[in-house]
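Engineer: Input: one structure, supplied below.
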Amino acid sequence: MSIHLARALEKLKQGILAVAGEVEARVHDAVRSVRQRDRVLARAVVESDNDIDQQEVDVEEDCLEVLALHQPVADQLRFVVAILKINNDLERIADLAVNIAQRAISLADQPMIEIPFDLEGIFHKANDMLHQSIDSMVKMDSQGARVVRRLDDAVDDMTASAFQAVEDGIRANPNNLSQLIQYLSCARHLERIADLATNIAEDVIYLVDGEIVRHTPTGG
């Protein structure tokens, strides 16, 4: 590998890590804004979306420049392709954080009610998956990435339980319909974040092991 290609690949790695760090922070802030009904924090998450979008574009342009100027092959080509896919998934996670923050803004104007399901638990599971998928990318740890894949079913089960709890809550107190739907929407967005974290983990497995696992059972 030429020194120029090595430097370009290191720049890509640092760029994607910067995006990942920003996105993880946005998810934290979005959920905290729901928990605390913090309209100011929620708006900060929404307003930061343009910055994430620009970072995503910058990383994509760097990837395309590497492909055009250095024509990487084998492991280096796989690295660039994986970064492109992970970069796109991180931008989508940032968009979901914005959606959660928008729910917080709406909830801030409504009477407070008890959340009838474990929203905090769903957040922690999804956040752990996001953090571990990013950590597996940093460490080039395909085994850690495989662990992330196996965690996705637990988030799906928790979200399914949330649907039932919200349905029961609406029957018990129809006046809480709006708030319950908002909280359920947050759960759905967190479930999608977990799905995208799984995608990142699968890309790490591809990057490290050269194995495409997207359509294989999560035990693989």
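The values are calculated or read from the model by the stated rules, or taken from the named source; none is laboratory data. What you see is a predicted model, and the numbers here were worked out from it, not measured in a lab. When we count neighbours, we look across all protein chains shown, and the Cβ atoms used for this are built from the backbone with ideal geometry, even at glycine. The protein model used for the area step is the full one, side chains on, heavy atoms only, and it has no ligands, DNA or RNA in it. Shrake-Rupley method; radii C 1.70, N 1.55, O 1.52, S 1.80 Å.
Engineer: Could you go through the stretch 27-42 in sequence order and give the Karplus-derived ³J(HN,Hα) for each residue, using 6.51 cos²θ - 1.76 cosθ + 1.60 with θ = phi - 60°, rounded to whole Hz, and x for Gly and Pro?
Structural biologist: Once rounded to whole Hz, the list reads 5, 4, 5, 4, 5, 5, 5, 5, 4, 9, 6, 9, 5, 5, 5, 4.
Engineer: Sticking with this structure for a sec: In whole percent, what relative contact order does the chain give with Cα contacts below 8 Å and a gap of six or more residues?
Structural biologist: Value for the chain: 26 percent.
Engineer: Let's see if you can work this out: charge +1 on each Lys and Arg Cβ, -1 on each Asp and Glu Cβ, no other charges. What is the dipole magnitude of the chain about its Cα centre, in debye to the nearest 20?
Structural biologist: That gives a dipole near 260 debye.
Engineer: Can you tell me which of 107-115, 182-190 comes out highest on packing, and rank the rest after it, using the mean Cβ neighbours within 10 Å?
Structural biologist: Final packing ranking: 182-190, 107-115.
Engineer: Beyond 18 Å, what share of the Cα-Cα pairs of the stretch 156-220 is found? Please give it as a whole percent.
Structural biologist: Counting pairs separated by more than 18 Å, the tail of P(r) holds 52 percent.
Engineer: Under a Cβ-Cβ cut-off of 9 Å, what is the net charge of the residues other than Met158 that fall near it, where Lys and Arg count +1 and Asp and Glu count -1?
Structural biologist: Computed value for this residue: -3.
Engineer: Beta carbons within 10 angstrom, averaged per residue: use that to sort the peptides 148-158, 3-13, 45-55, 22-32, highest first.
Structural biologist: Output ranking for 148-158, 3-13, 45-55, 22-32: 22-32, 148-158, 45-55, 3-13.
Engineer: Carbon and sulfur atoms: what percent of the 1.4 Å accessible area of the chain do they account for?
Structural biologist: Exposed carbon and sulfur together represent 51 percent of the surface.
Engineer: Where the Cα atoms of the chain are projected onto their three principal axes, how long is each span, largest first, in whole Å?
Structural biologist: 66, 38, 21
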